[in-house]
Structures are given as C-alpha cells and as structure tokens.
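What follows is one structure encoded as structure tokens, with my remarks underneath.
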Amino acid sequence: MSEPQKNNEEKEMSFLDHLEELRWHIVRSLVSVLFFGTVVFVFKSFVFDNIILAPKNNDFITYQFFCSISDFTCFYPPEFTIMPRELGEQFFTHLKVSIWLGIIISFPYIFSEFWRFIKPGLYPNEQKAARGIVFICSFLFLSGVLFGYYVISPFAVSFLAGYSISSEVISSPSLASYVNYMTMFTVPTGIIFELPVLIYFLSRIGLVTPEFMRQYRRHAIVVILLFAAIITPPDIVTQFLIGIPVFFLYEASIHISKRAVEKYQKDLTP
C-alpha cells in the first residue's frame, strides 16, 4: 500500500472514530433527558400543580414578595380557567412539559458531554482559558430560566390573562397555549443569559472587541428591547423586565471582552 493511500485511510478512520465518539455523547445526553423527563412524567400532579400552574395562583412566591413590599407594588393574576380544546391535549402537553423539563434539568450534563467532545481539539492554553465553562454556562442558563419563571412569567400571566377587549369575552386559555407561553418565558431567557460566554469566545478569537461593544452600545440597547418585545407579551413592563438584566449582561460582557482580548493579544505575542 502506498504512503498517500495509507495516510488517507488513517484520516478516514480518525474521522469515523470522531463520529462514533460524538454518537455516544449524544446517546448519553438523550438518556439523561429521557431519565429526568420520565421522572417528571411520573410525578405529573406535583409538577403541574406546584410548578407549571403555580404562576396563575395568588399564593405564588413572586406575588407574595411584591405585596410584602408595599400596596403600590402589590399585584395578583386575575382568576381564569385553563381549558383543553382538543382530545389528547392534556396527554401531549404533559409529554411536552416532561421533555422540556428533562432538557432543562439535564442541561449541565448535556453541556458537559458537549464540552468533553470538543475539549481534546483545543490547545492547552485554550483549555486553560475555558476552565470552569461547564459550571459557568450551566449557572447562567439555569439562572435565566429561573429569572423567566419567577420574574417574567408572573407579570406576563397577569397582563395577558387580565387583558380584556369586551366584557362579553371570558378568558379561558387552552392548556397548550398556557404551556407554550411558559416555555417562551423561560427557555429563551436561559439562552439569552449565555451572552457573556458568547462574547468571551468571540473576543478570544478576535471577532469582538470592548471598543466595538462600547461604540455600538446604543444600537445594542435597541436590539435588546426589540428582542425582548419579540419573546415577551406586548407590555412595556415585561419587556423592561427582560431588557434590564440583558443590558447588565451586555455591560458585564464588555469587561469580559476586555480581559479576553488581553489574553488573545498576549497569546499572539512571541
């Protein structure tokens, strides 16, 4: 066998080995989602009564917190009934909630599997720079989900359920609609909270600089508010509730970018 043919065969085997490794990382991640999703599915009464449907009740911790501050900040959601509209809606919604909660709970493990796959391909200095990334990304994602659940969803549910165009129209949203909104309030917020990590890596490879971020700060504010308007209900309070923390994350990302650029330039220095 000639040397070029031998090298090509080794490269092909190496590529197949990587595919096999990736397959097992995906399989283990799916098993994690399946396990936690099954647990959620089994404890359906607890999950729906104490987690999913909790923001529609007056005793939800967010309402109690704001009412304990003063009468001016006190608010409660209006009474409304959630009605399934289609045969099988409860079952399929139950299945959907189990999958989403399985993904959310499994996120640290899923990301660790993803990191274990790409880490060997990084240089030692890059691995050192990304030390603790699994914890940081998991913390930011779960913090975003909790922020969406405890802060955004109570205001959004109160606004949407209380909005009325006529006394002849009674608010009774479908179960699928309610769950879709709860998903929209939480999962995208968790992804948005990963902004500092994204900025760090873009800065490390020289695509983003702190000067660039400072120069386009006003543009970023507009984009943040527009994005908040897309993923939240059309009320100004809820938009600012998500826009304000994202703006602080943007400001923090400027400092993160500065440190990342300094390390990037230091690595380039012979």
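The values are calculated or read from the model by the stated rules, or taken from the named source; none is laboratory data. In this text the structure is predicted, and so the values were computed from the model without any measurement. Every residue, glycine among them, receives a Cβ derived from its backbone with ideal geometry; neighbour counts consider all protein chains shown.
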Taking the range 152-169 and keeping only residues that are in contact (Cβ under 8 Å) with a residue 40 or more places away in the chain and aliphatic (A, V, I, L, M), one is left with I152, A156, V157, L160, A161
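Criterion first (within 24 Å of G148 (Cα to Cα) and touching a residue at least 40 places away in the same chain (Cβ under 8 Å)) does T189 satisfy it? It would help to see each step written out before you state the result.
Details: within 24 Å of G148 (Cα to Cα): yes; touching a residue at least 40 places away in the same chain (Cβ under 8 Å): yes.
The answer is yes for T189.
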Taking into account only those residues within the range 132-150 that are surrounded by fewer than 19 Cβ atoms within 10 Å (Cβ to Cβ), in contact (Cβ under 8 Å) with a residue 60 or more places away in the chain and not hydroxyl-bearing (S, T, Y), which is farthest from C74 (Cα to Cα)?
I133
Do you know which residues across the range 221-270 are at pLDDT below 80, small (G, A, S) and under 18 Å from V208 (Cα atoms)?
A260
Within the range 43-95, restricting to residues that are in a loop (DSSP other than H, G, I, E, B) and small (G, A, S), the one that is nearest to G162 (Cα to Cα) is S70
